[in-house]
């Protein structure tokens with residue numbers, strides 16, 4: 001039987017509300033365009049060339065992919081402008097060369113030795129590759145240190161390598177996810193812009209051409225709009241949003257497009273057990289806090305607009321969510337459905353081969369998560 | 001190019017050492033057989049009918065699956081004795097009926113109302129279904145309360161339902177994963193056996209026939225062997241083991257069959273960034289402790305037998321592991337390989353479409369994780 005409404009679905013099922021996705025795409029695009037920024041969404045959240053097309057049709061200049069295997073899926077689907085804001089290694093040069101036959105590809109580097117190896121590989125293949133230098137603006141993951149006296153010289157040195165075409169500098173303010181206030185987010189975005197401009201100025205003084213200053217993270221995106229410097233926005237999560245983004249003020253509950261439909265399978269005095277475990281919700285925490293649980297349960301399965309504070313997802317096993325039932329609240333029976341807002345939507349879509357596109361309670365179709373698990 | 005050794009593999013790659021798997025299978029089977037226990041491994045760890053066959057050929061009486069979608073994959077592959085130690089719901093009766101055409105199927109219940117609905121559904125289909133009653137022996141997830149005055153009566157009531165064939169009682173001592181000593185594990189296993197025998201005795205006094213007392217969890221398996229009562233062992237993780245099982249004394253490093261091969265992609269003063277993020281290692285913690293990090297890094301990639309204490313996987317993003325480099329240790333360069341023992345192997349195999357079977361450093365073949373993501 002083809003499911004017609006969400007009540008017909010087997011659980012657990014990952015639902016994606018198409019109206020909310022489209023509203024999120026339109027809103028981010030309008031914000032970027034209004035401020036003269038190019039929008040290049042990170043596709044890691046939806047991992048779907050279909051949704052990437054919606055973003056491109058709305059005005060995005062291209063998409064980002066994390067890994068080459070993800071980019072290969074999008075190139076296969078005809079998406080022809082792909083940026084990889086990830087320090088992929090020159091041992092993959094053969095794959096980049098093959099991608100260059102059918103798409104505009106840009107990568108990032110944060111190490112001159114690696115950049116030299118990329119240059120040598122591209123020379124050997126007779127190709128030229130667009131690169132941006134990744135700058136660490138405070139997350140302390142990848143990226144060159146912008147306060148190093150060598151920062152500008154390193155960027156310029158990348159720009160002078162044969163077979164590489166330096167496009168600019170790029171950052172990801174992942175530390176925004178730990179911000180505790182709007183002011184803190186604003187200050188992270190301001191510092192990000194300042195550091196990128198500082199590196200760009202030093203690089204230019206060394207003779208480099210810096211066309212692009214690219215920033216990307218959904219929590220800081222609204223503050224990136226008005227900061228001086230950035231030319232490109234690369235948020236990913238905004239297409240679905242999630243509980244974390246609501247806590248960060250980037251979205252409201254009614255913006256969240258990805259939810260998990262699950263069923264109660266066991267009932268006890270103090271708890272119910274639901275069939276969406278870590279294989280569906282993931283064990284990603286809510287901003288590092290195990291006490292905050294593994295998602296929020298909505299009051300009703302139809303609208304997904306109000307949270308039931310009396311049901312707390314306190315523990316996950318692989319196939320079980322243990323939901324603590326607080327006093328004076330409903331205690332769902334086995335077979336009853338619940339709808340859950342996950343802590344982190346990107347990892348949820350990575351766990352399923354397909355999501356179910358819905359319009360309210362109506363099931364539209366199943367959408368393959370085409371680039372799911374493409375980590376290499 | 002077909003990879004001949006692990007050095008030829010793209011990363012991240014999930015490696016499964018076949019010799020270690022076979023040693024783990026033989027050892028658990030020998031222990032169970034020596035104590036007169038039937039072994040019915042949980043297939044959730046490997047999710048592969050190929051490895052299930054190895055377990056059956058070694059002497060297992062059947063396998064366990066968590067969900068019907070997993071069982072459907074194993075039945076499709078010809079595995080014909082499947083137990084689902086999960087309270088699947090009667091709304092799935094159509095699927096159980098289809099499975100009964102090609103396999104012996106048993107399920108668990110922990111609620112009389114649900115059992116009555118199963119009985120009605122099986123009556124309507126003209127079939128009989130084997131059931132066990134799940135007993136909560138201290139994990140407080142699913143299961144009836146063994147100390148309830150109604151426990152024995154509930155089991156007997158299930159046994160008297162038409163179209164259900166009561167096989168016995170079943171438990172999962174998941175709280176063993178939090179044990180801090182051998183003594184604590186031994187005491188959990190002893191209490192598990194005592195509670196199951198207590199429920200079985202009450203049920204028998206109410207007229208029920210209890211053939212099977214089934215226990216299942218890798219940490220407590222070695223203590224279940226000598227306890228009076230159990231007739232069946234259902235461990236799953238023992239086929240691969242992982243960092244958690246080593247900490248629990250269930251395995252040594254040299255027993256761990258599943259590891260992750262990854263590459264350094266970025267290098268800094270205090271850290272290196274490795275290409276195995278939460279999409280490969282999962283964010284599952286080491287027994288609830290975020291400070292323990294997300295896996296252990298081996299000293300060398302070839303043998304997987306000694307840990308490099310100077311490299312600490314302190315943070316995961318989806319595609320990045322941030323590895324803190326302690327003083328006086330090696331600091332790998334971009335492109336260098338590392339080999340990682342994950343906190344939890346079951347969830348790692350659920351993240352990849354295939355694992356790479358290896359014999360030491362030699363690549364044998366790719367093995368599909370056939371039941372990956374089959375959560376419904």
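Where a number appears in this text, it was derived from the coordinates with a stated rule and is not lab data. Computed from a predicted structure; not experimentally measured. FYI the Cβ positions are ideal-geometry reconstructions off the backbone, even for glycines, and counts take in every protein chain you see.
Numbers at a glance
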{"item": "Rel. contact order, % - alpha carbon contacts under 8 angstrom, at least six apart, chain A", "result": "20 percent"}
{"item": "Teacher prompt: residue B:333 distances to equivalent labels in other copies, 7 Å Cα→Cβ, nm", "result": "6.8"}
{"item": "Residue order, fewest to most surrounding Cβ atoms within 10 angstrom, among B:234, B:4", "result": "B:4, B:234"}
{"item": "With Cα atoms, 0 to 90° folded angle of helix B:182-205 axis to chain B main axis", "result": "20 degrees"}
{"item": "Average other protein chain Cβ within 10 Å of Cβ, residues B:263-274", "result": "5"}
{"item": "Gap separating the Cα centres of the stretch B:140-173 and the stretch B:273-313, nearest whole Å", "result": "41 Å"}
{"item": "Percentage relative contact order, the stretch B:217-376, counting C-alpha pairs under 8 Å, at least six apart", "result": "23 percent"}
{"item": "Antiparallel bridges, percent of DSSP beta bridges restricted to the protein assembly as shown (to nearest 5)", "result": "50 percent"}
{"item": "For the stretch B:81-123: rounded, prolate or oblate by the Cα gyration tensor [a/c cutoff 1.5]", "result": "oblate"}
{"item": "The stretch B:16-85 shape via C-alpha gyration tensor axes, a/c threshold 1.5", "result": "oblate"}
{"item": "Cα→Cβ-extended label distance, 7 Å offset, between residue A:206 and residue B:205, nm", "result": "8.3 nm"}
{"item": "Nearest-ten-degree value, helix A:112-125 long axis tilted from longest Cα axis of chain A", "result": "80 degrees"}
{"item": "Label geometry 7 Å along the beta-carbon vector: residue A:303 inter-copy distances in nm", "result": "6.4"}
{"item": "Beta carbon of chain B nearest to the axis of the rotation taking B to A, residue and angstrom distance", "result": "B:283, 2"}
{"item": "Cα-derived Rg over Rh, computed across the stretch B:18-240 with Rh taken as Kirkwood radius", "result": "0.96"}
{"item": "Degrees separating the helix A:18-34 axis from the principal Cα axis of chain A, which is the longest one", "result": "30 degrees"}
{"item": "Peptides A:9-17, B:144-152 ordered by average Cβ neighbours within 10 Å, highest first", "result": "A:9-17, B:144-152"}
{"item": "Packing rank of A:251-263, A:37-49, where each peptide gets the mean count of other beta carbons within 10 Å, highest leading", "result": "A:37-49, A:251-263"}
{"item": "Percent antiparallel among DSSP beta bridges (both partners in chain B, rounded to 5)", "result": "50 percent"}
{"item": "Distance in nm between pseudo-label sites at residue B:34 and residue A:181 (7 Å out along the Cβ direction from Cα)", "result": "6.4 nm"}
{"item": "Rotationally averaged projected area of chain B (alpha carbon convex hull; nm²)", "result": "18.5 nm²"}
{"item": "Label point 7 Å beyond Cα along the C-beta direction, distances from residue A:209 to other copies (nm, shortest first)", "result": "8.6"}
{"item": "Efficiency of FRET from Cβ geometry, residue A:191 and residue A:80, R₀ 41 Å, rounded to 0.05", "result": "0.75"}
{"item": "At R0 = 51 Å, FRET efficiency that the Cβ-Cβ distance of residue A:327 and residue A:123 yields, to 0.05", "result": "0.15"}
{"item": "The stretch B:18-240: relative contact order in percent, alpha carbon pairs under 8 Å with at least 6 residues between", "result": "21 percent"}
{"item": "Shielding by partners - mean other protein chain Cβ count within 10 Å, residues of A:56-66", "result": "1"}
{"item": "Averaged over A:339-349, number of beta-carbon atoms from partner chains that fall within 10 Å", "result": "1"}
{"item": "Distance between modelled label sites at residue A:269 and residue B:57, nm, 7 Å Cα→Cβ extension", "result": "5.0 nm"}
{"item": "Full-stretch length increase - residue B:307, residue B:254 - with 0.36 nm per residue and alpha-carbon distance subtracted", "result": "18.0 nm"}
{"item": "Size of the protein assembly as shown as Cα extents on the principal axes (Å, biggest first)", "result": "90, 53, 41"}
{"item": "Spatial separation of Cα centroids for the stretch B:47-111 and the stretch A:26-58, in angstrom", "result": "44 Å"}
